[in-house]
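A.B. asks: Quick one: the structure is below, and I'll ask about it shortly.
Nothing in this text is a laboratory measurement; each read-out follows from the coordinates by a stated rule. Predicted model, so just to flag it, every value in this text is computed and none were measured. Heads up, the Cβs are rebuilt from the backbone with ideal geometry, glycines too, and the neighbour counts pull from every protein chain shown.
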Amino acid sequence: MNTDCATFIKKCLPCQKHDNLVHQPAEQLHCIPPAWPFATWGADILGHFPVAKGQCKFLIIAVDLFTKWIEAEPLACILAHQVQKFLWKNIITPNKVILSELKKRLGEAKGAWAEQLPEVLWAYRCTPQSTTQETPFRLVYGSDAMIPVEIGEPSFCRAHFDEASNEAELRTNLDTIEEIRDRALVVAEATKQRYKRRFDSRVKPREFREVDLVWRATGEARKDPRQGKLAPNWDGPFRIRHNLNNGAFKLEYLSGEPIPRTWNSTHLKMYYS
């Protein structure tokens, strides 16, 4: 009888729609191994920002997954040809870190974020990253950048600078850059495995098969603002159309019409009827 009662309660539609969101990951972490510098990039778009010079209110960012070298550019609007131009200009030829640094620098002058962007990028490129223990600048060029304070104050780099031998030293740095990158790759892989073990320890597996009915997390963007805190946390049901493996699924409406984009199992839960 207890089992029958539990099964009956699971089928309560209002209970399922307003059930708490599942914060535990449903799938183990799948790391992306970067093979060499500039082979794999991650891209993101941030905005809306306060309107800056040139009517810019968006920021497009690309980060190389190996060296952590970053490129960014302010945009007035997000259009396909502008994104393509950015990729050709900066790559082929979270994000969260950039957003955080912009907030720290701007204070109340929020409209000046586009002018501050070059300084934020420079600071990021010259800061050792936790995943590699190296600066993106050194992994790209083979040597560390000289910070502005070294121009006016005595430093080891300035005191021992010899213009005649500088080019030869830079060539030597380029010869040893592969060793630096190999060491960074080992450190990055060890860091990823540490993150993976921590992430996987929280996994609560949720398996779905094709044709299964599921609920989808509503998300703040799809909630009806008129309902406020009484808005349901889940919407549906939807049917699993394709299982793309590694916790990724394509969904469809009950009528058979496909739903755009791919959905992660973290945002899905089983529908009981």
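A.B. asks: Pop out the ³J(HN,Hα) list for region 226-237 in order, Karplus 6.51 cos²θ - 1.76 cosθ + 1.60 with θ = phi - 60°, rounded to Hz; leave Gly and Pro as x.
C.D. replies: Coupling constants for region 226-237: 5, 8, x, 6, 8, 5, x, 7, 10, 10, x, x Hz.
A.B. asks: Okay, moving on. What does the charge count around Y272 come to, taking other residues whose C-beta lies under 13 Å from its C-beta (Lys +1, Arg +1, Asp -1, Glu -1)? Don't skip to the end; give the middle numbers.
C.D. replies: Values: positive: K10, K11, K17, K269; negative: D19, D212.
Once positives and negatives cancel, what remains is +2.
A.B. asks: For every other residue with a beta carbon closer than 14 angstrom to the beta carbon of C31, add +1 if it is Lys or Arg and -1 if Asp or Glu, then tell me the sum.
C.D. replies: Values: positive: K192, R194, K196, R197, R198; negative: E27, E189, D200.
With Lys, Arg at +1 and Asp, Glu at -1, the neighbours total +2.
A.B. asks: Whose amide H sits under 5 Å from the amide H of T67, counting only residues 5 or more places off or on another chain, with H placed in the peptide plane?
C.D. replies: Here the answer is F38, since their amide H atoms fall under 5 Å of that of T67.
A.B. asks: Also, I was wondering about something else. Of the peptides 2-10, 121-129, how do they stack up when ordered by the mean number of other Cβ atoms within 10 Å, highest first?
C.D. replies: Values: 2-10: 9.1, 121-129: 16.6.
By packing density, highest mean first, the sequence is 121-129, 2-10.
A.B. asks: In what order do T172, T218 fall by count of nearby beta-carbon atoms within 10 Å, going from fewest to most? The partial results should precede the final answer.
C.D. replies: Details: T172 13, T218 18.
The order, fewest Cβ neighbours first, is T172, T218.
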